[in-house]
Amino acid sequence: MDMARYVFKRLFSILVTICVIIAVGYILMYLSPGSFFSSATIASAMGSLAVENPRLYQQYISEFEARYGLNKPLWEQVLHYVWHSITFNFGNSFTYPTVHIMTQLETAFPISAELAFGAVALGVIVGIPLGVLAALKRNTWLDSTLTTLSMAGQAVPAFVSAVFMVLIFGVYFPNLLPINGWGTPSDAILPIIALGLGNIGVVTRYMRGSLIETMRQDYMRTAEAKGVKYWRRVMVHGVRNSLVALITVVGPAFGFTVVSTIWVENIFSIPGMGSLMATAFVNKDVPLAITDVFILALLILVTNFLVDIAYSILDPRVHLT
């Protein structure tokens, strides 16, 4: 019963948050200068038609405003976009009027998800052993080195790492790895590494701290007193128990990694969500821009929700309220 109440409360909270994000985003775009909401902007784009055929020009303007609800009051436009977004009826974009936004998402989102999954997997596969090693060699030069590198990985943004990789593999080691495009497995190597460096740093530091804390627990001393071998204590009791809490780091990392792909994809010329969002904001394509923001916000909120649920299941001591 408590779980059902918690799930309902969180889902309602996610719905309200998403509605607020869409409403605020729409209003900001509405108030931004030079947006497609401006009749002056529309008139400028169709200036020649206004002179050649005023009646047809006015017809196009009316159809455009009616199609996207621009002939309605602002509050009604906001409610219109909120409702259509939460029901996944995104309509068509300004840039590609004949292409449904959902069709564009079906092509772009799997690419970004693939990069995000790869980056998180890289962070887990590399970060866990490094964190274990740093914890077992605590306060040594190796621990200091790994801690420093992990902090550097967290501090350097993914797009900066991506720029350096383009420089290295585009200038100094050309033809070793592709630095742009999408279509072959090798195209994903550099973007995943650029996105994964931060995850490696996060997982390494978290694993180090978690394992150090676990090794101090009473049951670890009991296992030692019973004669359990050192590596068995570390791997079976220490690392395994530390991994349960790691889900609180790995889960949100996926959502934020998808957001990071926005810049990395543009650097490597990958046709994912990043390119889609860049096109939307450069062209001031309001429906597409709001849809991109909605998808990313929903992804982060749902990921955090699923992490909380999973953590409460894996650790019965955690009570959701």
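Overview of values
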item	result
Ellipticity estimate at 222 nm from DSSP helix runs (n ≥ 4, -39,500 (n - 2.57)) divided over the chain, nearest 500	-24500 deg cm²/dmol
Principal-axis tilt of helix 286-314 within the chain, Cα atoms, nearest 10 degrees	20
Contact order normalised by residue count of the chain, Cα under 8 Å, 6+ apart, percent	24
Sequence of 195, 11 once ranked by neighbouring C-beta atoms within 10 Å, starting from the fewest	11, 195
Angle between the chain longest axis and helix 74-86 axis [Cα atoms, degrees, rounded to 10]	50
Cβ-placed point charges (K, R +1; D, E -1), dipole of the stretch 182-321 about Cα centre in debye, nearest 20	900
Hull shadow area, averaged, the stretch 238-282 [alpha-carbon convex hull, nm²]	4.0
Cα centre as origin, Lys/Arg/Asp/Glu Cβ charges: the chain dipole, Debye	1400
At q = 0.10 Å⁻¹, base-10 log of I(q)/I(0) for the chain (Debye sum, equal scatterers on each alpha carbon)	-0.74
Signed unit charges on C-beta, dipole axis of the chain, positive-most listed residue 247, 304, 153	247
Cut-off under 5 Å, modelled amide H: who pairs with residue 94 long-range	286, 288
Where labels lie 7 Å past Cα in the beta-carbon direction, separation of residue 5 and residue 310 in nm	2.7
3J(HN,Hα) from dihedral phi, the stretch 132-147, Karplus parametrisation 6.51/-1.76/1.60, rounded to Hz, x for glycine, proline	4, 5, 5, 5, 6, 10, 4, 6, 10, 4, 5, 4, 4, 5, 5, 5
Farthest positive-ward along the chain dipole, Cα basis, beta-carbon charges - from 212, 85, 22	212
Vicinal HN-Hα couplings computed from phi for the stretch 179-193 (Karplus, 6.51 cos²θ - 1.76 cosθ + 1.60; Hz; Gly/Pro x)	10, 7, x, 8, x, 10, x, 5, 5, 8, 5, 5, x, 5, 5
Helix 158-167 axis, angle to the chain major axis (alpha carbon atoms, nearest 10°)	90
Coordinate range along principal axes, alpha carbons of the stretch 161-233, Å, largest first	58, 22, 18
Scattering curve values for the stretch 203-321, log₁₀ I(q)/I(0), Debye with Cα scatterers, q = 0.14 Å⁻¹	-0.74
Burial ordering of 29, 3, fewest other beta-carbon atoms within 10 Å first	3, 29
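Every read-out reported here was derived from the displayed coordinates using simple, explicitly stated rules and does not represent laboratory data. Bear in mind that the values here come from a model prediction, so they are computed numbers and not experimental data. Here Cβ is always computed from backbone atoms with ideal geometry, including for glycine, and neighbour counts include all displayed protein chains.
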